Amino acid sequence: AKREGRNSHTLYHPDIDSQPDYQLVLRSEIFDAIQEGQFLLHYQPQMSCRTQQILGVEALARWRHPKRGLLAPQDFIQIAEDSGHIVALGEWVLRTACNQLREWVRLGLNPGSVAVNVSATQLSRESFTDSVHQALEDSGLRPDLLELELTESIMFSDASVTLDKLNALKKLGVRLSIDDFGTGYSSLSYLKKLPIDRLKIDKSFISGLPDDQHDSAIVRTIIAMARNLNLEVVAEGVETLPQLNFLSRHFCDQAQGYYFSPPIAAEGIYALLLEKQQK
Ligand code: C2E
Ligand code: CA
Ligand code: CA
Ligand code: CA
């Protein structure tokens, strides 16, 4: 079942890209949808390669559309970016993820950290650091339990602004990671300038493991580089045991993917954490 791919886990609308009117409709609906509680988060566990314990979860947005069913980010994140609604949506995601993690901790569970995806537009807003601070304050979540996932595209914006902003975020005590690492066409020099804690190896490099010579060379190299730079490293899109074994053998810290679990509703994570705890 773990190999069936994303369509087995959520309802998607395959023709969505070819329906321009539909995109316009979604665009006009997105802001009200946030207010009306049509968005929800699914969470995907991040596992220790060594002990296979849950060390964290990544929050992934879903839109329960009254007419279209459950929509995946590929159907609405770009629209949210283009319309500027990504800022409101991102703020909602941040608050919801912090509150949810705090709630699990309050219930005596040990979910580790929660990772939230931050778009370049969201990060570029003057108010972003304040909104992170506020989400932490209001939820009472320990700052080091919040991780912000950034993409390499942030490096294309004004580099000094990025450095100041990331330093300000680090001062709050949150962790910063680079998402989709290796796909960004950007120079690696930012790794020594910016206060990054973790790299997430893009799933396109994991899919060919362990047989593809190029993928395995790239993944081994990223892991070695991360270790030398004192960065944690997470592999995403891990679907098979041979992939996991390869990663463990090369001392990758964490793995995330369908091999362990697809992204699931909060209730599912709750059940998983409870089950782990009782063992
Ligand atoms: P991402 O941050 O790279 O998230 C990982 C994506 O890979 C998720 O897709 C997840 O469901 C999928 N995935 C996880 N394990 C596997 C696996 O083993 N195999 C394969 N083939 N795929 C796997 P999802 O949930 O559809 O999200 C897609 C993208 O949408 C995310 O990519 C992220 O860039 C964006 N996104 C999701 N939620 C948010 C959000 O709240 N804010 C922003 N700005 N972007 C978001
Ligand atoms: Ca991510
Ligand atoms: Ca990713
Ligand atoms: Ca991605």
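The values are calculated or read from the model by the stated rules, or taken from the named source; none is laboratory data. Only a predicted model underlies this, so the values are computations on that prediction, with no experimental measurement involved. All Cβ positions, glycine included, derive from the backbone under ideal geometry; neighbour counts span all protein chains shown.
Anything in the range 189-204 that is more than 12 Å from ligand 4 (Cβ to nearest atom), within 30 Å of residue 258 (Cβ to Cβ) and not aliphatic (A, V, I, L, M)? List them, or say none. Spell out how you get there, then give the answer.
Going residue by residue through the range 189-204, those that are more than 12 Å from ligand 4 (Cβ to nearest atom) are 189-199.
Add one more test, that the residue is within 30 Å of residue 258 (Cβ to Cβ), and what stays is 191, 196-199.
Selection gives 197, 198.
Could you list, ordered by first residue, the pairs with Cβ atoms under 9 Å in which the first is in the range 47-70 and under 15 Å from residue 266 (Cβ atoms) and the second is among the hydrophobic types (A, V, I, L, M, F, W, C) and assigned to a loop (DSSP other than H, G, I, E, B), at least 6 apart or interchain?
Once the first residue is under 15 Å from residue 266 (Cβ atoms) and sits in the range 47-70, its partners that are among the hydrophobic types (A, V, I, L, M, F, W, C) and assigned to a loop (DSSP other than H, G, I, E, B) give 54/260; 60/72; 61/72; 62/72; 70/11.
Please enumerate the residues belonging to the range 103-128 that are at pLDDT 95 or above and within 18 Å of the chain's Cα centre (by Cα).
111, 112, 113, 114, 115, 116, 117, 118, 128
Considering only residues that are surrounded by 13 or more Cβ atoms within 10 Å (Cβ to Cβ) and either away from ligand 1 (no atom under 16 Å from the Cβ) or without any contact (Cβ under 8 Å) to a residue 12 or more places away in the chain (or both), which ones fall in the range 207-220? Talk me through it step by step, then tell me what you get.
Step one: of the range 207-220, the residues surrounded by 13 or more Cβ atoms within 10 Å (Cβ to Cβ) are 207-210, 212, 215-216, 218-220.
Across the range 207-220, the qualifying residues are 208, 212, 215, 216, 218, 220.
Could you tell me which of the residues 206, 178, 196 is within 13 Å of ligand 3 (Cβ to nearest atom) and within 16 Å of the chain's Cα centre (by Cα)?
Details: 206 fails: within 16 Å of the chain's Cα centre (by Cα); 196 fails: within 13 Å of ligand 3 (Cβ to nearest atom).
After ruling out the rest, the residue left standing is 178.
Answer yes or no: is there a residue in the range 64-75 that is within 15 Å of ligand 4 (Cβ to nearest atom), surrounded by 15 or more Cβ atoms within 10 Å (Cβ to Cβ), hydrophobic (A, V, I, L, M, F, W, C) and under 19 Å from the mean Cα position of the chain (by Cα).
Checked against the condition, which is being within 15 Å of ligand 4 (Cβ to nearest atom), surrounded by 15 or more Cβ atoms within 10 Å (Cβ to Cβ), hydrophobic (A, V, I, L, M, F, W, C) and under 19 Å from the mean Cα position of the chain (by Cα), the range 64-75 yields at least one hit.
Among the listed residues 177, 204, which satisfies the condition of being within 14 Å of ligand 1 (Cβ to nearest atom), over 16 Å from residue 117 (Cα atoms) and not in a loop (DSSP other than H, G, I, E, B)? Show your work before the answer.
Working: 177 fails: over 16 Å from residue 117 (Cα atoms).
The match here is 204.
Count, please, the residues in the range 187-199 that happen to be part of a loop (DSSP other than H, G, I, E, B) and surrounded by 15 or more Cβ atoms within 10 Å (Cβ to Cβ).
Let us first name the residues in the range 187-199 that are part of a loop (DSSP other than H, G, I, E, B), namely 187-189, 194-197.
Cutting the leftovers down to surrounded by 15 or more Cβ atoms within 10 Å (Cβ to Cβ) gives us 194, 196-197.
Result for the range 187-199: 3.
When residues of the range 27-54 are filtered for being under 19 Å from the mean Cα position of the chain (by Cα), among the aromatic types (Phe, Trp, Tyr) and more than 13 Å from residue 115 (Cβ to Cβ), how many remain?
1
If residue 168 passes every condition in (1) free of Cβ contacts under 8 Å to residues at least 24 places away in the same chain; (2) in contact with a helix residue (DSSP H, G or I) (Cβ under 7 Å, 6 or more places away or on another chain); (3) within 30 Å of residue 102 (Cα to Cα) but one, which one does it miss?
Every listed condition holds for residue 168 apart from (1).
Anything in the range 120-133 that is within 14 Å of residue 93 (Cβ to Cβ) and surrounded by fewer than 20 Cβ atoms within 10 Å (Cβ to Cβ)? List them, or say none. Working first, answer last.
First, pick out the residues of the range 120-133 that are within 14 Å of residue 93 (Cβ to Cβ): 121-123, 128, 131-132.
Answer for the range 120-133, where residues must be within 14 Å of residue 93 (Cβ to Cβ) and surrounded by fewer than 20 Cβ atoms within 10 Å (Cβ to Cβ): 121, 131.
Condition first: in contact (Cβ under 8 Å) with a residue 12 or more places away in the chain and within 14 Å of ligand 2 (Cβ to nearest atom). Can you find one or more residues in the range 240-254 that meet it?
Start the filter on the range 240-254 by keeping residues that are in contact (Cβ under 8 Å) with a residue 12 or more places away in the chain, which leaves 240-248, 250-254.
So of that shortlist, the ones also within 14 Å of ligand 2 (Cβ to nearest atom) come out as 254.
For the range 240-254, residues in contact (Cβ under 8 Å) with a residue 12 or more places away in the chain and within 14 Å of ligand 2 (Cβ to nearest atom): present.
Residue by residue, here is whether (1) of a type outside the set (S, T, N, Q); (2) touching an Asp or Glu at 6+ places or on another chain (Cβ under 8 Å); (3) on the phi > 0 side of the Ramachandran plot holds:
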| position | (1), (2), (3) |
| --- | --- |
| 202 | yes, yes, no |
| 205 | yes, yes, no |
| 213 | no, no, no |
| 220 | yes, no, no |
| 227 | yes, no, no |
| 236 | yes, yes, no |
| 254 | no, yes, no |
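Output the residues belonging to the range 147-156 that are surrounded by 14 or more Cβ atoms within 10 Å (Cβ to Cβ) and not in a strand (DSSP E or B). Break it down stepwise before answering.
If we filter the range 147-156 for residues that are surrounded by 14 or more Cβ atoms within 10 Å (Cβ to Cβ), which is where we start, we get 147-155.
Passing the criteria: 152, 153, 154, 155.
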